[in-house]
Structure formats: structure tokens, C-alpha cells
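K.L.:
Quick one: the structure is below, and I'll ask about it shortly.
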Amino acid sequence: MSDTKTVFLFGRPGSGKGTQAKLLAEKFGWSIFSTGDRFKALRDEPGPLGDRIRTLYDAGKLAPDWFASYLFEDTMLKLSPDAGVICEGYPRSVPQAQLCHGVLTWLERPYTVIHLAVPEEETLSRMIERAKSEHRPDSDSEEKIRARFTTYTEQTEPVLEFFRTQGKLIEVDGTPTIETIHADLVARLS
């Protein structure tokens, strides 16, 4: 096993990040940090914070940078140096990526960034199917999905370039079977 115990999974919505995060967590015994999962849990809470998050989430919008960064920092500062973590859905902007890099460098936690590359039209069809089988108000129409893709292109794709310049980015084909992708990821992380 490499000394990397912090892995970031990237890909446009519907690329399989959540699925691969779960499989890697099971394989390595690591936890998962997902701003999306945290955001969804807070969405369902009663009160002003839940109301505000519900409005953003249901419109397919991201959490503000400062809020997502707070959730990340809180998790990383409490994580044992020996514990592994898979981060899914963070960072989503260059300022978040810079902060993330700074936190992990300060904590002396080596990390790897994996980009699951999947064409937009394939992720669109995946998300439409997922919205039918799961209650996903953030992706229950093509318009909402396309809004999420636009947000991803404008805010998140530049993050990949930031991590590429740091020498941390690994590109992985996200179109084969779930099992094939998982085997590829395990081989790259072992």
C-alpha cells in the first residue's frame, strides 16, 4: 500500500464517484468524507439552516465555498494520522483546492486526486436513470442536471488543472464496468 491515505475522487455528476468511494472505503477500511452527503443530511433538518440548504440543494446549487471548506477542515483536523479517508465532492473550486492543499501539507498528509473521466451525455443518462430509482430532487429533470454540469465545468474543472500542476492528478477512464474501474483504482492506490 502506498503512503497515501487521503484520496479525492473527481468527476462530473453521475460519473460514479459515490459508488467508487464506497467500494474503496470497504476495500481499505477507510472513511468517506462527502460534502454532498453532509449537505443532504443538513437539507432534511428542520430550521433556518435546513431551509436555506434545501433551497440551494433543490435548485442544484453547491454549498458556499466557506461552508464546504469548514466541513472539510473540521473532518481533517479530527482525523487520526493513521486513518484513511476518501473525499468525494470536495474541493469544487480553486480556492477550496488551494485551502485543501494547504491543510493537507500542514498536516503532512500525502494525498492523491483521481478524476473519473466520463463523457457528459453518458453521465446525463446515468443521472436520469438514478433520479427515477432514487429520490433525487437535485437531478429530477434534464434542466437541473445541465445546471449541475455547467457548475461543474465552470467551477470544478479548473480544480483538476490546479491539482495537475501540483503533480497530484491521476486520470481514470470512468466508462467501463464498476468492477473494472474499482480494480484500476485499487491497483493505482496499492
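K.L.:
Pick from Pro64, Pro46, Pro13: which residue has the top mean-square fluctuation in a GNM of the chain where Cα pairs under 10 Å get a spring?
P.N.:
Looking only at Pro64, Pro46, Pro13, the biggest GNM fluctuation is shown by Pro46.
K.L.:
So what's the net charge close to Leu185: Lys and Arg +1, Asp and Glu -1, counting the other residues with Cβ under 13 Å from its Cβ?
P.N.:
Residues close to Leu185 contribute a combined charge of -2.
K.L.:
Taking the Cα atoms of the range 20-60, report the difference between the largest and smallest coordinate on each principal axis, in whole Å and largest first.
P.N.:
So the three principal-axis extents are 38, 18, 10 Å.
K.L.:
If you take every residue apart from Arg38 with its C-beta less than 12 Å away from the C-beta of Arg38, what net charge results, scoring Lys and Arg +1 and Asp and Glu -1?
P.N.:
Once positives and negatives cancel, what remains is -3.
K.L.:
Would you work out if the range 46-190 is rounded, prolate or oblate? Take a ≥ b ≥ c from the square roots of the eigenvalues of the alpha-carbon gyration tensor; rounded if a/c is under 1.5, else prolate when a/b is larger than b/c, oblate otherwise. Please list the in-between numbers first.
P.N.:
On the way: a/c = 1.75, a/b = 1.17, b/c = 1.50.
Judged from the Cα gyration tensor, the range 46-190 comes out oblate (a/c at least 1.5, b/c at or above a/b).
K.L.:
I'd like the distance between the alpha-carbon centres of the range 1-52 and the range 158-190, rounded to an integer number of Å.
P.N.:
Using only Cα atoms, the two centres lie 16 Å from each other.
K.L.:
Just need the relative contact order of the range 116-190 here, percent rounded to a whole number, with Cα pairs under 8 Å and 6+ apart.
P.N.:
34
K.L.:
Related question: Carbon and sulfur together cover what percent of the accessible area of the range 33-178 at a 1.4 Å probe radius?
P.N.:
56
The values are calculated or read from the model by the stated rules, or taken from the named source; none is laboratory data. Small disclaimer: the values here were computed from a predicted structure and weren't measured. A quick note on method: Cβ atoms are made from the backbone with ideal geometry, for glycine too, and the neighbour counts reach across all protein chains shown. Note: areas computed on protein heavy atoms with side chains; ligands, DNA, RNA excluded. Shrake-Rupley method; radii C 1.70, N 1.55, O 1.52, S 1.80 Å.
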